[in-house]
Amino acid sequence: MFKFDTSNLTVRIFLGMLAGIGLGLIFRQFVSETEDFLIPLGIIDISIKGFFVDGILHAGGQIFINSLKMLVVPLVFVSIVCGTCSLTDPKKLGRLGGKSVGLYILTTALAITLALTLALIFKPGEGIEQVSSGNFNAKEAPSLVQIFIDMFPTNPIEAMAKGNMLQIIVFAVLFGIATALIGPKGKRIAAQFEDLNNVIMRIVTILMNLAPYGVFCLMAKLFTYIDMNAIGALLKYFMLVVVALLLHGFITYSLFLKFLTGLSPVIFFTKMREAAMFAFGTASSSATIPVSLETATHKLGARNSTASFTIPLGSTINMDGTAIMQGVATVFIAQFFAVDLTLNDYLMVVFTATLASIGTAGVPGVGLIMLAMVLTQVNLPVEGIALIIGVDRLLDMLRTALNVSGDCMVTCVVAKSEGELDETVFNDMHAGLKDEEVHFPQKG
Ligand code: ASP
């Protein structure tokens, strides 16, 4: 008989997720954003909405997300310093940067091209009648020059306080290089940072063990309130984004892995399950950094000197899933408003979507802000976003899973090309599983 191995963390997170979705689907029969249901318990009545959904589940979910985010800045800073100060060849840093940025931009451009092509073939925006009202304020896409300038912090503490990933990376890399350059004194500092890194990675492990409960709370609240009717009305758009995400994930990434590294895509995707579930549950590639880093180093076998750099970098500049949503959404909105886009416009969409992803942090819903930039560039009404906003949260969770998988795929490719990937670890299906256990030292 088929049995769930509940000692396996991936299985537990998955069960937490299913149970949360199930509870949310039950709760939604009784409550909504505006309605409540009271369970009479003799002396007091317990409100499902106030006590369970907006109380316990909301708190549980937020505490889980906040705890993950709490680790991001210290982890990125410490692990990049560790990574850079152990680099023996200074040219390597330039190569790492060049290869990862190049691959991130290439995969994002491919993703949006795939999305535009599918949307032009299947025309999701034709025959749509429902228009929900809503406002969306567009920001302008940043210029390339400004993106470069903004990478350099005037105040590293401020960069950390604001969680500005690119600025933190620049400062950490400089700090790491300088540490390597000062000889024996630097070795002492490097050793301290190594220890700190181990401590922070342990906190990551503890949090991962709490993930089944966190994900349960997040899913239960989300599915209590989520607007399922919107999916029906936007089924074609929804399905098209999902198909494009799957194609890009399973085909494009497999091809990259197979042809650039010879590594097995099946092993890669099997090992990505946990990080993908975290990304799905949190809808934030930034909050998932700790887990992606753990996956890339302990399970996929990339050395920290590569992964500590490529993973945080990818969480801000690589958003293939988001680019796919933007591609399909742009065509959808153009078709809805019966606007004909020219080839130039489409190139503009590819360019703006790729550029917009560079300076934007991977947090929930940020894709819509980037979409507003894209629409403005090609003179489409930004109000069109109101059409698709109803299904965006679910799509956000799915595309974040792709974003995170893309970061890890590029990490494998770059690490392999630099001789920084341990293939024994990659091919070992049990690699990293021991690291996920939390045991307190016993006395005596
Ligand atoms: N939530 C996505 C991420 O964090 C960004 C988005 O598509 O909204 O990667």
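The values are calculated or read from the model by the stated rules, or taken from the named source; none is laboratory data. What you see is a predicted model, and the numbers here were worked out from it, not measured in a lab. Positions of Cβ are backbone-derived with ideal geometry, glycine not excepted, and every protein chain shown enters the neighbour counts. Quick note on the areas: whole protein, heavy atoms, side chains included, nothing else; ligands and nucleic acids left out. Shrake-Rupley method; radii C 1.70, N 1.55, O 1.52, S 1.80 Å.
If you roll a 1.4 Å probe over the range 273-325 with all protein chains in place, what percent of the accessible area is carbon or sulfur?
Values: 330 of 610 Å².
Whole-percent figure for carbon plus sulfur exposure: 54.
The base-10 log of I(q)/I(0) for the range 147-279, evaluated at q = 0.16 Å⁻¹, reads -1.23 [Debye formula, identical scatterers on Cα atoms, solvent excluded].
Under 8 Å for C-alpha pairs, at least 6 residues apart: give me the relative contact order for the chain, rounded to a whole percent.
Numbers: 687 pairs, mean separation 125.8, N = 444.
In percent, rounded to a whole number, it is 28.
Between residue 427 and residue 247, the distance separating the two model label sites (each 7 Å from Cα on the Cα→Cβ line) works out to 3.4 nm.
Determine by what factor the alpha-carbon radius of gyration of the chain differs from 2.2 N^0.38 Å, reporting the quotient. All intermediate terms of the calculation are to be shown ahead of the outcome.
Numbers: Rg = 22.4 Å, N = 444, 2.2 N^0.38 = 22.3 Å.
Expressed relative to 2.2 N^0.38 Å, the Cα Rg reads 1.01.
Overall dimensions of the range 266-364, expressed as equivalent-ellipsoid semi-axes from the Cα gyration tensor (√(5λ), whole Å, largest first), are 32, 14, 12.
Send over a whole-number figure in Å² for the accessible area per residue of the range 204-310, probe 1.4 Å. Can you show the working numbers first?
Values: 3360 Å² over 107 residues.
Per residue, the range 204-310 has 31 Å² of solvent-accessible surface.
Here the Kirkwood formula puts the hydrodynamic radius of the range 73-122 at 13.5 Å, using every distinct Cα pair.
Does the range 43-199 come out rounded, prolate or oblate by the C-alpha gyration tensor, with a ≥ b ≥ c the root eigenvalues, rounded set by a/c under 1.5 and, if not, prolate when a/b is larger than b/c and oblate if not? It is oblate, given that a/c is not under 1.5 and a/b is not larger than b/c.
Using helices alone, I'd like the mean residue ellipticity at 222 nm for the chain: each DSSP H run of four-plus residues gives -39500 (n - 2.57), total over residue count, nearest 500. Write out the running numbers ahead of the final one.
Details: 20 runs with 297 residues, N = 444.
Value at 222 nm, helices only: -22000 deg cm²/dmol.
On the range 41-196, 67 percent of the accessible area sits on carbon and sulfur atoms, based on a 1.4 Å probe. Ordered by solvent-accessible area of protein heavy atoms (1.4 Å probe), largest first, the residues 187, 258 come out as 187, 258.
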